[in-house]
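A short worksheet on the structure shown next.
The values are calculated or read from the model by the stated rules, or taken from the named source; none is laboratory data. Because the structure is a prediction, the values reported are computed rather than measured. A quick note on method: Cβ atoms are made from the backbone with ideal geometry, for glycine too, and the neighbour counts reach across all protein chains shown.
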Amino acid sequence: MRGGWGCARILDLLDYEVISQHPKILMGFSDITSLVNAVYTKTGQVTFHGPCGYSTWTDFSTGYVTKAIAVGAPFTMQNPDDFLDHLLTLSPGKAEGELIGGNITVIVSLIGTPYEPDWNNKILFLEETNEEPYRIDRMFWQMKQAGIFSKVKGIVFGSFNKCFAEEPEKSFTLHEVLEQHFKGLSIPVYMGATFGHMSPKFTLPVGVMAEIDADNFTVRTLERSVMA
């Protein structure tokens with residue numbers, strides 16, 4: 001029904017062979033990032049970063065759930081007209097790769113575990129909530145030093161809800177942290193996409209080939225996310 005915490009407690013208890021033999025739609029975000037990525041990594045099944053049952057199901061959000069898990073045909077993710085102000089290209093260009101990602105804190109917790117995805121040739125999407133800029137900076141450094149940013153083909157950042165410094169006069173802003181890590185990177189990067197701890201939100205199919213366009217602020221799937 002919702003995120004929260006605790007999905008990591010069950011990753012070792014799941015029978016991934018049974019899951020592989022009996023595919024189901026698995027969708028969620030926030031703490032469910034660990035479950036979505038573990039199932040994809042262990043089984044190769046497409047999973048979905050999207051609303052939980054407890055989420056606010058706007059027409060926009062519901063429309064993307066329908067596109068991703070009911071229709072399944074390739075589709076383009078683009079912010080609605082009233083969510084354009086925070087879009088910013090950090091590094092221009094286009095790239096193709098499999099979608100992977102979710103909440104940054106949870107993604108970092110998977111590094112070095114059997115459930116860490118293969119980062120090579122991926123389009124990485126990341127979002128966060130209630131973390132100060134210095135903590136996000138620390139997580140970015142861990143991902144960078146683990147080689148993740150040198151392996152992926154592109155990065156798109158979603159909502160950073162309530163990610164403010166408690167003492168702003170002693171801290172970089174979130175925008176400064178993002179620019180320090182990603183401005184001018186050799187792969188396309190943009191921020192401000194509508195997914196994560198916000199409403200409305202996209203539904204991103206994990207494990208599906210997609211194209212990121214950092215100049216036009218779009219992510220476009222290139223293959224079906226569910227079988228016809």
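Condition first: more than 25 Å from HIS181 (Cβ to Cβ) and among the small types (Gly, Ala, Ser). Now tell me which residues in segment 52-102 satisfy that.
If we filter segment 52-102 for residues that are more than 25 Å from HIS181 (Cβ to Cβ), which is where we start, we get 52-76, 80-82.
Scanning segment 52-102 gives GLY53, SER55, SER61, GLY63, ALA68, ALA70, GLY72, ALA73.
Hey, can you tell me all the residues within segment 81-125 that are in contact with a strand residue (DSSP E or B) (Cβ under 9 Å, 6 or more places away or on another chain) and part of a loop (DSSP other than H, G, I, E, B)? Step through it out loud before you land on a result.
First, pick out the residues of segment 81-125 that are in contact with a strand residue (DSSP E or B) (Cβ under 9 Å, 6 or more places away or on another chain): 86-105, 107, 117-125.
Within segment 81-125, HIS86, LEU87, PRO92, GLY93, PRO117, ASP118, TRP119, ASN120, ASN121 qualify.
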Filtered residue count, segment 1-30, keeping only those that are surrounded by 21 or more Cβ atoms within 10 Å (Cβ to Cβ), touching a Phe, Trp or Tyr at 6+ places or on another chain (Cβ under 8 Å) and in a helix (DSSP H, G or I): 0
Residue in segment 148-166 that is in contact (Cβ under 8 Å) with a residue 12 or more places away in the chain, at negative phi and in contact with a His (Cβ under 6 Å, 6 or more places away or on another chain) present: yes
Matching residues in segment 184-206 - criterion: being in contact with a Phe, Trp or Tyr (Cβ under 9 Å, 6 or more places away or on another chain), surrounded by fewer than 23 Cβ atoms within 10 Å (Cβ to Cβ) and at positive phi: GLY192
Qualifying residue in segment 45-62 (condition: buried (at least 16 other Cβ atoms within 10 Å of the Cβ), polar (S, T, N, Q) and more than 15 Å from MET198 (Cα to Cα)): yes
Residue within segment 106-125 that is over 22 Å from TYR16 (Cα atoms), surrounded by 15 or more Cβ atoms within 10 Å (Cβ to Cβ) and touching a helix residue (DSSP H, G or I) at 6+ places or on another chain (Cβ under 8 Å) present: no
Pair list, Cβ under 6 Å, 6 or more apart: segment 194-217 residue more than 19 Å from ILE25 (Cα to Cα) and in contact (Cβ under 8 Å) with a residue 12 or more places away in the chain, other residue of a type in the set (Val, Ile, Thr) and assigned to a loop (DSSP other than H, G, I, E, B): SER199/THR56; SER199/THR58; PRO200/THR58; PRO200/THR194
Filtered residues of segment 18-65 (kept if touching a residue at least 60 places away in the same chain (Cβ under 8 Å), of a type in the set (Gly, Ala, Ser) and within 13 Å of GLY102 (Cα to Cα)): SER30, SER34, ALA38, GLY50
Residue list for segment 39-55, restricted to those being touching a Pro at 6+ places or on another chain (Cβ under 8 Å) and part of a loop (DSSP other than H, G, I, E, B): GLN45, VAL46
Single unsatisfied condition, THR105 versus (1) under 15 Å from GLU223 (Cβ atoms); (2) within 15 Å of the chain's Cα centre (by Cα); (3) of a type in the set (S, T, N, Q): (1)
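Can we say THR76 is over 15 Å from the mean Cα position of the chain (by Cα), modelled with pLDDT under 95, farther than 28 Å from ALA165 by Cα and polar (S, T, N, Q)?
Details: over 15 Å from the mean Cα position of the chain (by Cα): yes; modelled with pLDDT under 95: no; farther than 28 Å from ALA165 by Cα: yes; polar (S, T, N, Q): yes.
Answer is no for this residue.
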